[in-house]
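A short reminder: the numbers here are calculations on the coordinates, not readings from a lab. Quantities reported herein were computed from a predicted structural model and do not represent experimental measurements. Don't worry about glycine lacking a Cβ; one is built from the backbone with ideal geometry, like all the others, and counts go over all protein chains shown.
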Amino acid sequence: MMRPLRLVPGLLLLLLSRPAPAPASTVVTHLPGFDGPLPFYLETGYVGVEEDTGAELFYYFVESERSPGADPVLLWLTGGPRCSGFSGLAFEVGPVKYVLAPYDGGLPQLVYNPLSWTKMASIVFLDSPVCSGFSYARDPEGCDVGDYSSSLQVQRFLIKWFTDHPQYLSNPFYIGGDSYAGKVVPLIAQYISEGIEGRQQPVINLKAIWSATL
């Protein structure tokens, strides 16, 4: 069950404590450095993707600000490898951005980004592979994943995420990202396509992929 959360100012943006083995998703209504309640829907949470190592992928989900029932759903992966999806949320296509100013010892100021892609799409910003961003594994060996195994874990994440969010299953689904993500986006799409051919449930409405590889 989702619950509202106000993040305390003493933490860096969205620095959430490590969860119990089966954490619930959380609706975030306030962010440190942002003036007032967020003018968009932000949900964060963990999804288990590997039982043997206890691997959990962390995500930020921002619902479309236009027509969430009909607008596309986009999975955003940041490159690196092992850069957090938070980079996409606050520095690239997400609904907030930092105000550039000399450091004065306080929290950096966040403001609304009027050019956010969430104006016309819901976006899942994912910390992948395991042990990037807030994603983790209870067994340290779970952090040792390559492109193929991490892509399969993302496919497992999506199956579970859409199972928990069935209201988005009929929406067009896209996978995208930047830099190193261009190596794994096609693999994730392949695993999703194989799942569709194998009649794996739920059926993800995959439409297309893209990447900006520099």
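Of everything in region 75-104, what is closer than 22 Å to Ser149 by Cβ and among the hydroxyl-bearing types (Ser, Thr, Tyr)? Give them in sequence order.
If the condition is that a residue be closer than 22 Å to Ser149 by Cβ and among the hydroxyl-bearing types (Ser, Thr, Tyr), then Thr78, Ser84 are the ones that fit.
If only one of Arg138, Arg82 is basic (Lys, Arg), surrounded by fewer than 22 Cβ atoms within 10 Å (Cβ to Cβ) and at positive phi, which one is it?
Selected residue: Arg82, the only one of Arg138, Arg82 that is basic (Lys, Arg), surrounded by fewer than 22 Cβ atoms within 10 Å (Cβ to Cβ) and at positive phi.
Wholly within region 75-193, which strands (runs of 3 or more DSSP E) include no fewer than the required count, namely at least 2 residues that are β-branched (Val, Ile, Thr) and closer than 19 Å to Phe61 by Cβ?
Once the strands (runs of 3 or more DSSP E) in region 75-193 are filtered for at least 2 residues that are β-branched (Val, Ile, Thr) and closer than 19 Å to Phe61 by Cβ, what remains is 122-127.
Step by step: first the residues of region 194-204, then only those that are part of a helix (DSSP H, G or I) and either within 16 Å of the chain's Cα centre (by Cα) or among the charged types (D, E, K, R) (or both), then the one that is nearest to Leu89 (Cα to Cα). Which residue is that?
Among those that are part of a helix (DSSP H, G or I) and either within 16 Å of the chain's Cα centre (by Cα) or among the charged types (D, E, K, R) (or both), it is Glu194.
Looking only at residues in region 117-160 that are in contact with a Phe, Trp or Tyr (Cβ under 7 Å, 6 or more places away or on another chain) and among the aromatic types (Phe, Trp, Tyr), which one is farthest from Ser193 (Cα to Cα)?
Phe134
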